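The values are calculated or read from the model by the stated rules, or taken from the named source; none is laboratory data. Please read all numbers here as calculations on a predicted model, not as lab measurements. Note: ideal-geometry Cβ built from the backbone for every residue, glycine included; neighbour counts use all protein chains shown.
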Amino acid sequence: MSVGRREFLRLAGGAALGARLAPQDTAGADPLFRPDMVQQRPNATTADNDPIVTEIERRLKCMCGCNLDIYTCRTTDFTCTYSPELHKELLALKAGGAGPEAIVTAFVAKYGEQILMAPKPEGFNLAGYLVPGAVVTLVGAALAWVLLRRAGRARRDAALAEAEAAKAPKAQALRVGSPDAAELERLREALAEVED
Amino acid sequence: MTLLGQFCLWLALIASAWGAGVAFAGRWRTRPELAGTATASTYGVCAALLVAAACLWKGLFAHDFNIEYVAQYTSRNLPEYYVFSAFWAGQKGSLLFWATILSIFGATVQTVTSRRHAELMPYVAGITNVVVAFFILTMLFAANPFERLPFTPEDGRGLNPQLQNPGMTIHPPMLYLGYISITIPFAFAMASLLSKRLDTGWIHAMRKWTILSWLFLSAGITLGMWWAYVELGWGGYWAWDPVENASLLPWLTMTAFLHSVMIQEKRGMLKRWNVGLVVASFLLSIFGTFITRSGIIASVHSFAQGNVGTFFLVFLILITIASSALLYARWPLLEPEAELESLASREAAFLFNNLALVGIAFSVLWGTLFPILSEAVQGTKITVGPPFFNRVNVPLGLFLLALTGIGPLIAWRKASAANLQRQFIVPSVTGLVVAVALLAIGIRDGWALAAWTLAGFVLGTVGQEFWRGIRARVKIHGESVLLAFNHLISRNRRRYGGYIVHVGILTYFVAFAGMAFKVTQEVTLSPGESAELKSPYGHTYRFTHLGVSQYDQLNRWVSAASLDVRKDGVPQGRITSEKRQHKDSFGRNTFEPSTEVGIWSNAREDLYVVYAGSVGGTDRATYAISINPLVMWVWLGAGILIVGGLITMWPGGAVVGSRRRTGVEAGYQTPLTDAAIGSRPEGAGIGS
């Protein structure tokens, strides 16, 4: 069986790391009866809980197909082999002095834009962000405009009707018993409430 | 059994095709005997599909692994209640479940609908038969649940461990019931267009079906959130996954319809819009199934993908064309009977409510499909995840929440300035008091602050509405407050049930905002070691690892890790999270180990503990520990919403019944004082 140079280095590095960490990992602990029945995890470190790290990981998608961000995936789907590796890669970049934006840029350069949990608001992606809000705003404005126009028309119609009613004051008075303006307003409001 | 099941599917297909054909031909040729046959065919289809469903269940419980579906989703050692729910665990069973339930609904609607709507019923039978026939066709030609294997395996593959959860026995059927029952309002809408009976008759005929469907969808979505929360272990309940989005879309349009239909009933307006909303809801329910079953969009929830996408796409296109053409043909008959008179009116508030709901539906659909669009336009794959959806939808959601409080405060037709002032004072002050209190205790998260303030405003609105009604009854009838409350609801169930639904919705928003203050920590502990986590309320929790115990249980090997919990030094008890390695009946491992979260829930916060795994094969354990504020209110909100929904659809309490009982004639003689207005349950309210 032939092993490539990269594969050899990865295996050798992993073995060396395992040999270095193993004695510390399990200090003060007893072996499980069936260790094969549960996932094996490394020790959680301060860096794993670093708010800067978790914040960056929430912006980046795990590439295992779970649709979750790296942080959620590595702390949820403990069978995923991608998110722990991406986490390590991120920690290495941070240890190398890269800031959050530089780390995100490095990930995009390596894995493509689909590693971002939300597309950058630039170019065609702007349509993604702006179209829903723009549609709702435009339709809302159009709706308000139509309503205002109709309200104006209704007011004009009411004024016309009032003027016509004024031409026949006796008949009107006979029908409604000459209510004053305040009484009419009170009745109108009361009816509106009853209609609620 | 498979032979009988297969035979029944063919029988149901023939019966539904016949039923659909004679329904339309009978009405077209004005031959009532043919139309009557269509109604009878719905019962035949239902009977045949019930027998087919029984055959599949028989195969599942008999462990007939020669049936491909049984071998794929069960094993001999699967607990029986999960064998039962395996019926809808895969695509083929889901389709049979869908067709069977729809046929039951189709037969029920023919039985229970009043004779007043007899003219619509053959068309309703025809439409439901068309939809049932589509599902049976899909099963027979693309996803047959009775397909046999060329050999018989010793044991089945078993059920995905994530589906071995009590929530999964009830969440999918509930959601399916919601999706499926949308067909009935759709059938009535199409029947009204086909028969040209475009008065409010079809709305009255299908009102309860609409609410029922909406309730099923609400319950199904919330149960899905609960399942995701307790089973997936990521500490949240909504991830804007395409499957979740697909379930939300018809819920949003149905909610819009439930509001806008009131304008049609009251003022004879928005007829076209209402038909459009019902059609859109149905199409979205099919579309949701299409995008999640076809595999065009990746989803963490797609347990049941297959090759039925083409069938759904063709059906979707055909139904869209047919319903659009019909709506276009009847467009002139759907003229509004009145016009909106003022921007300050209940009608306008409902219109903006519809705008917000449909706007959110559009933005969810847009976000779900944007990766496909982007790839087509730019040639690059992108991801549209929770940050996108939250950014776009949170403002729209808050706008909707505000309208939930504003709508009931504005009078129909036109509200005067004095009326507005009087109505808005209490809710505005309530909202303001909430905002000041939150700022005083140090809440600085803008979105959470806005959500809770608006929730206070909505609560003020609902409280004011109830208080005015109760006060009036107490004054007029001398009832106690409790009795007045009871009578207020029972005499106008639709109005006050609706307000209770609004309380459920605001409770959801309060709970959603709480998650902005979630805290999480990953720790590794040996037995006896401790870690501390500060709650958003200021308490300090101390978690001490007690150890890992391992044992055999049912169809799995369990590794249970336990933590002793102290809150500010006071012992609280022990919380346990598990890893489960499932096995088949020969003891061979199946699937990867799954997680069972340890959850302690109270009104303020959830302690959420996940046993992530063992370190170096020892009882040294890595945990993900979270404190999730206000999660319990999501489930309580659902409960309130469902109670409110049930009240709105409960029989009786309407104006006609009340008048019949009391013998009160139309019109009224009492003076129009505030007290008298509040005491007029018979004639008042949107439920009248």
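Going residue by residue through the range B:144-167, is there one that turns out to be within 16 Å of the chain's Cα centre (by Cα), surrounded by fewer than 24 Cβ atoms within 10 Å (Cβ to Cβ) and closer than 30 Å to B:Thr210 by Cα? Spell out how you get there, then give the answer.
Residues of the range B:144-167 that are within 16 Å of the chain's Cα centre (by Cα), as a first pass: B:167.
Among the residues that remain, those that are also surrounded by fewer than 24 Cβ atoms within 10 Å (Cβ to Cβ) are: B:167.
Next, only the ones that are closer than 30 Å to B:Thr210 by Cα stay: B:167.
Within the range B:144-167, one or more residues are within 16 Å of the chain's Cα centre (by Cα), surrounded by fewer than 24 Cβ atoms within 10 Å (Cβ to Cβ) and closer than 30 Å to B:Thr210 by Cα.
Residues considered: B:Gly514, B:Gly504. Of these, the only one that is closer than 22 Å to B:Leu636 by Cβ, touching a strand residue (DSSP E or B) at 6+ places or on another chain (Cβ under 6 Å) and not β-branched (Val, Ile, Thr) is B:Gly514.
Taken residue by residue, the range B:357-378 has no member that is in contact with a strand residue (DSSP E or B) (Cβ under 7 Å, 6 or more places away or on another chain), at pLDDT 90 or above, facing chain A (nearest Cβ under 9 Å) and on the phi < 0 side of the Ramachandran plot. Looking for whichever is modelled with pLDDT of 70 or more and surrounded by 13 or more Cβ atoms within 10 Å (Cβ to Cβ) here; the options are A:Ala154, A:Ala158. Which one fits? Result of the check over A:Ala154, A:Ala158: A:Ala154.
Could we say that B:Ala560 is within 14 Å of chain A (Cβ to nearest Cβ), surrounded by fewer than 22 Cβ atoms within 10 Å (Cβ to Cβ) and either touching a residue at least 24 places away in the same chain (Cβ under 8 Å) or part of a strand (DSSP E or B) (or both) here? Break it down into steps so the answer makes sense when it comes.
Working: within 14 Å of chain A (Cβ to nearest Cβ): yes; surrounded by fewer than 22 Cβ atoms within 10 Å (Cβ to Cβ): yes; either touching a residue at least 24 places away in the same chain (Cβ under 8 Å) or part of a strand (DSSP E or B) (or both): yes.
Yes.
The one condition from (1) buried (at least 17 other Cβ atoms within 10 Å of the Cβ); (2) closer than 23 Å to B:Gly233 by Cα; (3) of a type outside the set (D, E, K, R) that A:Gly65 does not meet is (1). Of everything in the range B:316-345, what is at pLDDT below 90, among the charged types (D, E, K, R) and either surrounded by 13 or more Cβ atoms within 10 Å (Cβ to Cβ) or over 25 Å from A:Leu148 (Cα atoms) (or both)? Give them in sequence order. Scanning the range B:316-345 gives B:Glu339, B:Glu341.
If you go through the range A:36-51, how many residues are exposed (fewer than 13 other Cβ atoms within 10 Å of the Cβ) and outside any loop (DSSP other than H, G, I, E, B)? Final tally of qualifying residues: 2. Yes or no: the range B:237-248 includes at least one residue that is assigned to a helix (DSSP H, G or I) and over 12 Å from the mean Cα position of the chain (by Cα). Checked the range B:237-248: at least one residue is assigned to a helix (DSSP H, G or I) and over 12 Å from the mean Cα position of the chain (by Cα).
Among the residues of the range A:13-35, count how many are more than 8 Å from chain B (Cβ to nearest Cβ) and either modelled with pLDDT of 85 or more or surrounded by 11 or more Cβ atoms within 10 Å (Cβ to Cβ) (or both). Outline the logic, then answer.
Going through the range A:13-35, the residues more than 8 Å from chain B (Cβ to nearest Cβ) turn out to be A:13-21, A:23-24.
Next, from what is left, pick out any that are either modelled with pLDDT of 85 or more or surrounded by 11 or more Cβ atoms within 10 Å (Cβ to Cβ) (or both): A:17-18, A:21.
Total satisfying the criteria: 3.
The rows are residues; the columns are (1) in contact with a Pro (Cβ under 9 Å, 6 or more places away or on another chain); (2) without any contact (Cβ under 8 Å) to a residue 40 or more places away in the chain.
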residue: B:Leu4; (1), (2): no, no
residue: B:Gly19; (1), (2): no, no
residue: B:Trp28; (1), (2): no, yes
residue: B:Gly36; (1), (2): yes, no
residue: B:Thr39; (1), (2): yes, no
residue: B:Asn77; (1), (2): no, no
residue: B:Lys92; (1), (2): yes, no
residue: B:Ile104; (1), (2): no, no
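Only one of B:Ser594, B:Ser577, B:Ser562, B:Ser585 is under 27 Å from A:Thr81 (Cβ atoms), touching a Ser or Thr at 6+ places or on another chain (Cβ under 8 Å) and of a type in the set (S, T, N, Q). Can you tell me which? Only one candidate qualifies: B:Ser577. In the range B:220-264, of all residues being over 15 Å from B:Asn393 (Cβ atoms) and of a type in the set (Phe, Trp, Tyr), the one that is nearest to the other protein chains (Cβ to nearest Cβ) corresponds to B:Trp234.
Just checking, which of A:Ala102, A:Ala163, A:Ala181 is more than 30 Å from A:Ile52 (Cα to Cα), more than 7 Å from chain B (Cβ to nearest Cβ), at pLDDT 75 or above and surrounded by fewer than 15 Cβ atoms within 10 Å (Cβ to Cβ)? Spell out the reasoning first.
Details: A:Ala102 fails: more than 30 Å from A:Ile52 (Cα to Cα); A:Ala181 fails: at pLDDT 75 or above.
Sole residue among the options that is more than 30 Å from A:Ile52 (Cα to Cα), more than 7 Å from chain B (Cβ to nearest Cβ), at pLDDT 75 or above and surrounded by fewer than 15 Cβ atoms within 10 Å (Cβ to Cβ): A:Ala163.
Go through the range B:46-74 and count every residue that is of a type in the set (Ser, Thr, Tyr) and in contact with a His (Cβ under 8 Å, 6 or more places away or on another chain). Working first, answer last.
In the first step, residues of the range B:46-74 are kept if they are of a type in the set (Ser, Thr, Tyr); the result is B:69, B:73-74.
Right, trim to in contact with a His (Cβ under 8 Å, 6 or more places away or on another chain) and you get B:74.
Residues meeting the conditions: 1.
Of the residues examined, B:Thr37 is not one that is part of a helix (DSSP H, G or I) and crowded, with 22+ Cβ neighbours inside 10 Å.
Selection over the range B:470-485 of residues that are among the aliphatic types (A, V, I, L, M) and more than 20 Å from B:Ile647 (Cβ to Cβ) gives a count of 2. The residue list A:Ala95, A:Ala142, A:Ala118 contains one member that is more than 7 Å from chain B (Cβ to nearest Cβ) and either closer than 22 Å to B:Ala361 by Cβ or buried (at least 16 other Cβ atoms within 10 Å of the Cβ) (or both), which is A:Ala142.
Surrounded by 22 or more Cβ atoms within 10 Å (Cβ to Cβ), of a type outside the set (S, T, N, Q) and either out of contact with any helix residue (DSSP H, G or I) (no Cβ under 6 Å at 6 or more places or on another chain) or under 30 Å from B:Arg491 (Cα atoms) (or both), is that true of B:Val643? So B:Val643 does not fit the description; no.
Within the range B:379-389, the only residue that satisfies the criterion of being more than 7 Å from chain A (Cβ to nearest Cβ) and among the hydrophobic types (A, V, I, L, M, F, W, C) is B:Phe389.
Selection of the range B:604-620 for residues being facing chain A (nearest Cβ under 7 Å) and either in a strand (DSSP E or B) or surrounded by 21 or more Cβ atoms within 10 Å (Cβ to Cβ) (or both) yields B:Ala612, B:Gly613, B:Ser614, B:Val615, B:Gly616, B:Thr618, B:Asp619, B:Arg620.
With respect to B:Phe591, determine if the residue is of a type outside the set (D, E, K, R), modelled with pLDDT under 95, surrounded by fewer than 14 Cβ atoms within 10 Å (Cβ to Cβ) and part of a loop (DSSP other than H, G, I, E, B).
Values: of a type outside the set (D, E, K, R): yes; modelled with pLDDT under 95: yes; surrounded by fewer than 14 Cβ atoms within 10 Å (Cβ to Cβ): no; part of a loop (DSSP other than H, G, I, E, B): yes.
So B:Phe591 fails the test.
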